[in-house]
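Here's the structure we're looking at; comments come further down.
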Amino acid sequence: MSDAVRIVEVGPRDGLQNEPREVPTAVKVELIERLADAGLPAVEATAFVSPKWVPQMADHTEVLERMRRKPGVDYPVLAPNLKGFEAARAAGATEVAIFGAASEAFSQKNINCSIAESLERFRPVVSEATKYGIKVRGYISCVLGCPYEGAIAPKRVADVAAALYDMGCYEVSLGDTIGTGTPARTKAMIGACAARVPVEKLAGHYHDTYGQALANIYASLEVGVRTFDASVAGLGGCPYAAGASGNVATEDVVYMLNGLGVRTGIDLDRLVDIGQWISGVLEREYGSKAGKALAAKKKK
C-alpha cells in the first residue's frame, strides 16, 4: 500500500443537502473553512442545482463568494448541467462535479433521463469547463446496488466510468449510494473499472448503511484506489433507508488510515472538534464512532 491517501470531504454539500431545517450560510462557510484548516485537501462546498429540488443549497453563490479559500485546497461544487456550470463559474468555482448513475431506473428517477442522455448532457459542461481551465470530477451513483434494480453488474459501472473519463473528467468517484456493497463485490467492481480507467483516477464513495464502508475502503486500498470521499460526523443519511446512516464519517476513515500508517495530512483531533461542533449546531447525534471515543477519552 502506498503511504498517502487523499480524502475528499463531502459534508458541506452531500452531508447537509438533506438536512430538514435550513442551515445558515454562515454555518456552512465556517464548516468549509474549519475543514480546510484541519488539513482536508478537498472540501466539496455546495451544489449549483435548482433550489426547487435542493432548497438547502439555494445559497450556493453566497457560500462560494463568502468563504475564505486556503491555498492548495480544492473546493469542488456540483454542477450537473450547463446552467449550473455557468452560475458556478460566475461565482468563482475552480472545480465542478457532474453526477451520473450505473442504474437506468435510478437515473430516470433521480435526474429524469436515461444514462446515455445524462452523459450527453454532461458533454457541454466538460467542454465549457475545459475552455476555462476548470477541473471536472465525475460521480457515479449505485455502483454496487440500486434501490429499484438491486445488484448492479460491474461492467455497467465500468461503461459509465469510461465514458466520464474519456469525456475529460480527471477523476471518477464510485458511489455505493445505498451502502449494500461488501468487500468482494467492491473489488470486482473496481477491477472492471480499472480495466477501462487508470486505477489512480478512481475514487471510492462508500455509504455506511450496512456498516460496510470501512471494509470497502480497505478492500479498495488493496487494489490500488487512493482517493476516498467521506463526510465529517457522518453527515448525510441514506434517503432510501429510513433512519439509516449514509456517508462514512471522515473521522472513522482517518482513524483507520492512521492505524495503517497511511498519511492523509489531516489533524484528527481538530476533525473531532469540528464533528462535535457541527452535530451540536444541527441538533443531531454525533455520527462518528472514532470521534465519540476520542472525545470521551479527552474528557477523562
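Identify all residues within region 173-188 that are open to solvent by less than 10 Å² (accessible area, probe 1.4 Å) and either of a type in the set (S, T, N, Q) or more than 18 Å from the chain's Cα centre (by Cα) (or both); write none if there are none. Listed by number, the residues that qualify are S173, T186. Here Y170 fulfils each of the conditions (1) under 17 Å from the mean Cα position of the chain (by Cα); (2) surrounded by 20 or more Cβ atoms within 10 Å (Cβ to Cβ) apart from (2). Restricting region 202-215 to residues that are touching a helix residue (DSSP H, G or I) at 6+ places or on another chain (Cβ under 6 Å) and assigned to a helix (DSSP H, G or I) leaves a set whose member that is least open to solvent (accessible area, probe 1.4 Å) is A215. Does Y218 satisfy the condition of being assigned to a helix (DSSP H, G or I), surrounded by fewer than 24 Cβ atoms within 10 Å (Cβ to Cβ) and in contact with a strand residue (DSSP E or B) (Cβ under 6 Å, 6 or more places away or on another chain)? So Y218 does not fit the description; no. Counting just the residues of region 1-25 that are aliphatic (A, V, I, L, M) and in contact with a helix residue (DSSP H, G or I) (Cβ under 8 Å, 6 or more places away or on another chain), which one comes out surrounded by the fewest Cβ atoms within 10 Å (Cβ to Cβ)? Ranking the qualifying residues of region 1-25, first place goes to M1. Among the residues of region 26-41, those identified as of a type in the set (A, V, I, L, M), open to solvent by less than 20 Å² (accessible area, probe 1.4 Å) and part of a helix (DSSP H, G or I) are V29, L31, I32, L35, A36. Pick from region 285-300 the residues that are under 17 Å from D208 (Cβ atoms) and open to solvent by 80 Å² or more (accessible area, probe 1.4 Å): which of them is modelled with the lowest pLDDT? Among residues in region 285-300 that are under 17 Å from D208 (Cβ atoms) and open to solvent by 80 Å² or more (accessible area, probe 1.4 Å), the one modelled with the lowest pLDDT is E285. Of all positions in region 225-232, none carries a residue that is surrounded by fewer than 17 Cβ atoms within 10 Å (Cβ to Cβ) and polar (S, T, N, Q).
Scanning region 166-223 for residues that are charged (D, E, K, R) and closer than 30 Å to G133 by Cβ turns up D166, E171, R196, E200, K201.
The values are calculated or read from the model by the stated rules, or taken from the named source; none is laboratory data. Computed from a prediction, not measured in an experiment: that's the story for all the values here. Cβ: placed from backbone, ideal geometry, glycine included. Neighbour counts: every protein chain shown. Only protein heavy atoms, including side chains, enter the accessible area calculation; ligands, DNA and RNA are left aside. Shrake-Rupley method; radii C 1.70, N 1.55, O 1.52, S 1.80 Å.
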